[in-house]
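Here is the structure we will look at, set down as structure tokens.
The values are calculated or read from the model by the stated rules, or taken from the named source; none is laboratory data. Just so you know, these numbers come straight off a predicted model, no measurement behind them. Ideal geometry is used to build each Cβ from the backbone, glycine not excepted, and the neighbour counts take in all protein chains shown.
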Amino acid sequence: MALPQLTDEQIRTWTRSQKDRWWFENVYRGDMPQLTVRSAVTGFLLGGILAATNLYIGGKTGITTGVGLTSVILAFALYRALAKSGVVQDFTILENNCTQSIATAAGYMTSPLISALAAYMIVTGKIIPWWHMLAWMLVVAVLGVFLAFPMKRRFINEDQLPFPEGRAAGVVLDALYHGKAEAGLYKARLLGWSAAIAAVVNFLSGDGFMRLTQFSLLRMNRWLGLAEPWVWPERLDTYYYDLAARFHLWTPSILGADFRTLGLRLTLDLSMIGVGGLMGMAVATSCLLGAFINFVILAPIMIQHGDIIPRVAVDGTIIPITRAEIVNQWSLWWAVVMMVVGSLVSLLGRPELFRGIFRRHKRTSNQAEPDVLKSVELPLWMSAVAVPLLTILGAMVSHDFFGVPWLLAFISFPLIFVLTIICTNSMALTSWTPTGSLAKITQFTMAVFDRSNPASNLIPGGMTAEISSNAANLLSDIKPGYMLGAKPRQQAIGHVIGIFSGALASVPLFYLLFLPPAKDGTRSVTTLVSDQFAMPAAVQWRGVADLIAHGLKSLPASAVVSMMVAAACAAAIELTRIVTKGRFPLSAVSIGLGVVLPPEYVFTMWLGAALFWWQGRKHPKAGTPGHEFWVEGCEPICAGLIAGWALTGIGNSLVNVLCF
């Protein structure tokens, strides 16, 4: 059914009290169950699973995928099936909305783990104790929640801003529960089948699973004499290189640099197909362009020129040139400049994000009118009390756990609060949260006071990203609740439940995936960045911290030149995007991301994006089977590929740690 909403004229002329009264009388569903035990438990468990998949994919690509619509479809299908079997009553639309709020909050808790906190460990060489990490994440995330609610009354109640991603979730929920249930069940089946296919393929590629199956269960090492288990290689070109070595075939190279040295491989990773489908053709093509320029053109030239060379380790061993060495020795710098300049120009090119914060409304004052939503809104006095207390607590954990000076910790918070408002306004208008560029503003601002201590810019920058993203994402989650008549107070509680779910799921998994113990039980930060997990977001943050600490004097002259060229190109690309109102197909940030990502992942993501783009062009007409499968089913298919592959990969890591 059509969701009730105010007209543009009413939004412009009515006071907030009039709008609140209209919502309370026409939309609010006060008696409908919302934050129930089952919705909280379902959201908590579902959020933990989706947080785990986000951490896995984030470690590979530096990208965290949205999980809101995925959780809506999964919860709907689960409870609709249980209701049909007579086990339980069906989920109400508001219970489902609350579940997606919890799951979404959990999914976004992985961001600091793959960026600021990982970069801090790489730069300092220190492993953060798990409880330090957990406490810091919880404090700053909950601070974002309490910052959000004063803005909620402005951005949602009064200005009625669109929050496109949240509105999409509200429209999908309304469609599922009022007439299009079959469409929801169909998408759930697509998600389930794509997850199953990805899980089977990754199971065959998992060394831990294959060793457990072939050696521990089937005893094939005894009756077949296998020294190593058979594994379906994730890198498809392995077969060719084995044949090339055996029969002296041609080995691909550029200017004498082997393709494998440059990281130019072919991989079978279905999760990257899913990530590419979600990111779209323009972003994937920009990433591919960055990878091509760096690894096909620039890296071979710099290796031949001698600016990228084998290094000698502390113990005297030779570290050969690899993709990671290419990035760390030379490519990182122009990639970081491309991403930072691109994101800042893009941010500054959206003046509406800043005007929206400070504009004044010529409306009748609300002071004398009663607050009809007093019983359902989160009381503003709670924010007034909680924000100062959590600010002090945030400064304390930043100082005690990471060594951020007290003064800098407190100085950073006013800036963080302003940037959080900008981030939330951006989410309200575009569903884009510019946390990367806003965090860099904090990093560079803190560097004015202290360049020598990496924690002084990394940790406040991480706080900017975490606080602003939690505030913005909470309001995006509240938007569908506002459309459907939910109690915002209960959604705030649900968001906090999701924060705990995501933190409790992702922090232990972080140590398992990225800091696995050696045979003697010790852990080392050297395992944070690996062939399997490139940690591109952490590498970018580390690059900014290194630039702040050391400046340009320690870099080769060619790297400095590449940075200047990258800055000019990034500014030109983003200005062109602004002038053409987003029609220009390239993105400077995505080009830089393509440099720090493994080229094999970039190419696979591009294949995924190209597949869904081509099928979308082939089946443009709504209502046809092809359109229903490839266009309307794009998100569940991609989410299934990501979840199936990631969860199986996590399981394989668990088997390796616990069994071998």
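The figures follow:
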quantity	calculated
Tabulated pairs, segment 175-202, first more than 20 Å from residue 630 (Cβ to Cβ) and at pLDDT below 85, second of a type in the set (Gly, Ala, Ser) and part of a helix (DSSP H, G or I), C-beta under 9 angstrom, 6+ apart or interchain	176/183; 176/184; 177/184; 181/175
Unmet requirement for residue 29, which otherwise passes all of (1) in a loop (DSSP other than H, G, I, E, B); (2) out of contact with any Leu (no Cβ under 7 Å at 6 or more places or on another chain)	(2)
Flag if residue 107 is at pLDDT below 90 and on the phi > 0 side of the Ramachandran plot	no
Residue pairs meeting the criteria (Cβ under 6 Å; at least 6 apart or on separate chains; first surrounded by 24 or more Cβ atoms within 10 Å (Cβ to Cβ), in segment 101-128; second outside any loop (DSSP other than H, G, I, E, B) and aromatic (Phe, Trp, Tyr))	113/510; 115/541; 116/541; 119/541
Every residue from segment 541-567 that is over 24 Å from residue 435 (Cα atoms) and not in a helix (DSSP H, G or I)	552, 553, 554, 555, 556
Of all residues in segment 504-553 being surrounded by fewer than 21 Cβ atoms within 10 Å (Cβ to Cβ), touching a Ser or Thr at 6+ places or on another chain (Cβ under 7 Å) and at pLDDT 90 or above, the one that is farthest from residue 262 (Cα to Cα)	512
Residues that are among the hydrophobic types (A, V, I, L, M, F, W, C) and either surrounded by fewer than 15 Cβ atoms within 10 Å (Cβ to Cβ) or not in a helix (DSSP H, G or I) (or both), drawn from segment 591-606	597
Top-ranked residue in segment 234-251 [being surrounded by 14 or more Cβ atoms within 10 Å (Cβ to Cβ) and in contact (Cβ under 8 Å) with a residue 12 or more places away in the chain; ranked as farthest from residue 271 (Cα to Cα)]	241
Among the candidates 617, 577, residue that is of a type in the set (Lys, Arg), surrounded by fewer than 17 Cβ atoms within 10 Å (Cβ to Cβ) and either part of a helix (DSSP H, G or I) or in contact with a strand residue (DSSP E or B) (Cβ under 8 Å, 6 or more places away or on another chain) (or both)	617
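Matching residues to (1) out of contact with any Leu (no Cβ under 6 Å at 6 or more places or on another chain); (2) more than 14 Å from residue 494 (Cβ to Cβ); (3) at pLDDT 85 or above:
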{"residue": "38", "(1), (2), (3)": "yes, no, yes"}
{"residue": "43", "(1), (2), (3)": "yes, no, yes"}
{"residue": "54", "(1), (2), (3)": "yes, yes, yes"}
{"residue": "74", "(1), (2), (3)": "yes, yes, no"}
{"residue": "93", "(1), (2), (3)": "no, yes, yes"}
